[in-house]
Structures are given as C-alpha cells and as structure tokens.
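Below is one structure, written out as structure tokens; comments come after it.
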Amino acid sequence: MWRTAASISSNSSTMCLTSPKVEAGKMELFPESFSVQQAIEEVCSIITPLAKKKNILINNVFSLEASVVTLDQQKFKQVLYNLLSNAVKFTEADGTIQIMTEMYDNKKMLRVQVKDTGIGIRQEDFPRLFAEFQQLDASLSRRYEGTGLGLALTKKIVEYQQGSIEVESEIGKGSVFTVILPMGGKEIKGR
Ligand SMILES: Nc1ncnc2c1ncn2[C@@H]1O[C@H](COP(=O)(O)OP(=O)(O)OP(=O)(O)O)[C@@H](O)[C@H]1O
Ligand SMILES: [Mg+2]
C-alpha cells in the first residue's frame, strides 16, 4: 500500500538556512518559456552517469501536452536534480527510476513525478523529510553522503512558486515524489 503525506509542515524551529538565496523574500524568479523535455534531458545527462554505476535505469515518461512550459527554468532543473539525485542515492543496484511529466488542472500547472524502487521512507519520518539537515537514519547517513538540505531547499523553491510537493512511499518498495508547479508567474528580482 502506498502511503501519502499530502501536507507536510516543515520544522519551524530549525536554524537559519545556509544559503541566503533561500531566505524568504530573497529568492528570485525568472519565468520563461522552455522545452520541459530538453530541461529534463539536461538534468538526466548529469544524473545518468551516477545511475549507470549502480545499473539503475531512468525512464522518462511524458505526455506530449507537456512540451513547452513557462516556469523558472533554473529552479525547475534544481528541483528535478534534487529529486533524481535522491532517487539514485536511495535506490539499490539494478533498480528503476521513472520521471513522469504531464500537464495538470486544465494545463494551468505542470506535474512532475519522480518514482524510484528504492529503500522507501517510513510514514513516521514524513514530517522530518523536508526539514533542514535531516537525514532519516543515522546509520544511513554514514552510508549515503549528503547534508540533508536537498529536500528542504526543494520544498522552499516549489512553495515560493505557489507549487506543492508530496511524497508517497512504502518501505523496501520505493518512493514517489510529486511536484506541482503553476505555470506563468511574475518575475521577482532579488532585493
Ligand atoms: N527517494 C528517497 N528514498 C528514500 N529516502 C529518501 C529519498 N529522498 C530522500 N530520502 C531521505 O530523506 C533525507 C533527506 O533528503 P535530502 O535530499 O534533504 O538530504 P540528503 O540527500 O541526505 O542530502 P543532500 O540532499 O543535502 O545531499 C535523506 O537523507 C533520506 O534519508
Ligand atoms: Mg538529497
């Protein structure tokens, strides 16, 4: 059974972020029209060599509708990179990762899902997933490198664009991260 954590509240008591760019009000947004598949391919070109080392296959499934989108391209790639690098990191050898892209809500939004056949996440750990400097298992953090910032930053980037991020997972079977981003949006320049 897949479990859903639709509304995950971040840990508000955590310390300030290391990257000043992600402080509220300082993030910039530059929406532009771009090919979503080209952006996915660019991110995959970075991730695929890592996946190949573990013989992990990355499938890219997309609806033709989701061709040109209007979003902040750099942030889109950053979100996808964070999700894919986690998917590769937390999936054992010979696993599979699927990227699914489609338009959503009458083409007003883009939905991107990253599904893996990895180690999975316990439901009780969902609230900690998006908190800064959190790796779920101390023994895992010794095994898997990282600072525990990727998902916290990802959530901030997504929510800054009025988007949402959700996770469904089953321990030992895998996880699906779903990001929904509203199209368009105004340019926001940093102060
Ligand atoms: N796809 C996944 N499958 C299983 N566990 C995951 C997955 N993605 C994230 N996690 C868990 O959530 C934790 C937080 O993820 P996050 O991306 O924030 O940190 P990280 O990958 O450990 O470090 P960093 O992203 O800073 O390199 C991970 O350490 C891991 O325990
Ligand atoms: Mg990460």
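The values are calculated or read from the model by the stated rules, or taken from the named source; none is laboratory data. Keep in mind the model is a prediction, meaning the values are calculated, not measured. Here the Cβ positions follow ideal geometry from the backbone for every residue, glycine too, while neighbour counts run over all protein chains shown.
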(request) Could you please tell me which pairs satisfy a Cβ distance under 9 Å, a separation of 6+ or placement on different chains, a first residue in the range 66-92 that is closer than 25 Å to Lys108 by Cβ and small (Gly, Ala, Ser), and a second residue that is modelled with pLDDT of 95 or more and in a helix (DSSP H, G or I)? (result) Ala66/Val36; Ala66/Gln37; Ser67/Val36; Ser67/Gln37
(message) Exactly one of these conditions fails for Asn82: (1) at pLDDT below 95; (2) near ligand 1 (Cβ under 7 Å from one of its atoms); (3) out of contact with any strand residue (DSSP E or B) (no Cβ under 7 Å at 6 or more places or on another chain). Give me its number.
(response) (1)
(request) With respect to Ala93, determine if the residue is farther than 23 Å from Met27 by Cα and modelled with pLDDT under 95. (result) no
(request) Please determine, by comparing only the residues of the range 9-61 that are within 17 Å of Val79 (Cα to Cα) and charged (D, E, K, R), which one is modelled with the lowest pLDDT. (result) Lys21
(request) Hey, can you tell me all the residues within the range 110-132 that are surrounded by fewer than 19 Cβ atoms within 10 Å (Cβ to Cβ) and assigned to a strand (DSSP E or B)? (result) Arg111, Gln113
(message) So for the range 56-63 (the condition being under 17 Å from Thr154 (Cα atoms) and surrounded by 16 or more Cβ atoms within 10 Å (Cβ to Cβ)), does at least one residue qualify?
(response) no
(message) For the range 73-85, give me the residue count where each residue is surrounded by fewer than 21 Cβ atoms within 10 Å (Cβ to Cβ) and within 16 Å of ligand 2 (Cβ to nearest atom).
(response) 4
(request) Could you list all residues from the range 137-154 that are at pLDDT 70 or above, closer than 17 Å to Thr91 by Cβ and either more than 11 Å from ligand 2 (Cβ to nearest atom) or out of contact with any Phe, Trp or Tyr (no Cβ under 8 Å at 6 or more places or on another chain) (or both)? (result) Asp137, Arg143, Glu145, Gly146, Gly150
(request) Could you tell me whether Gly184 is over 21 Å from Leu57 (Cα atoms) and more than 15 Å from the chain's Cα centre (by Cα)? (result) yes
(request) Only residues in the range 160-176 that are under 11 Å from Phe90 (Cα atoms) count as the first member; pair them with residues that are surrounded by fewer than 18 Cβ atoms within 10 Å (Cβ to Cβ) and aliphatic (A, V, I, L, M), Cβ under 8 angstrom, at least 6 apart or cross-chain, and list the lot. (result) none
(request) Select from the range 93-104 the residues that are within 11 Å of ligand 1 (Cβ to nearest atom) and assigned to a loop (DSSP other than H, G, I, E, B) and list them in ascending order. (result) Gly95
(request) For residues that are at pLDDT 95 or above and among the small types (Gly, Ala, Ser), scanning just the range 173-191, find the one that is nearest to ligand 1 (Cβ to nearest atom). (result) Ser175
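Residues Leu136, Leu153, Leu129: which one is among the aliphatic types (A, V, I, L, M), within 30 Å of Met27 (Cα to Cα) and without any contact (Cβ under 8 Å) to a residue 40 or more places away in the chain? Write out each step before concluding.
Working: Leu153 fails: without any contact (Cβ under 8 Å) to a residue 40 or more places away in the chain; Leu129 fails: without any contact (Cβ under 8 Å) to a residue 40 or more places away in the chain.
Of the residues listed, the single one that is among the aliphatic types (A, V, I, L, M), within 30 Å of Met27 (Cα to Cα) and without any contact (Cβ under 8 Å) to a residue 40 or more places away in the chain is Leu136.
Being farther than 29 Å from Val69 by Cα and out of contact with any strand residue (DSSP E or B) (no Cβ under 8 Å at 6 or more places or on another chain) is the filter; apply it to the range 87-118 and report the residue that is farthest from ligand 2 (Cβ to nearest atom).
Asp94
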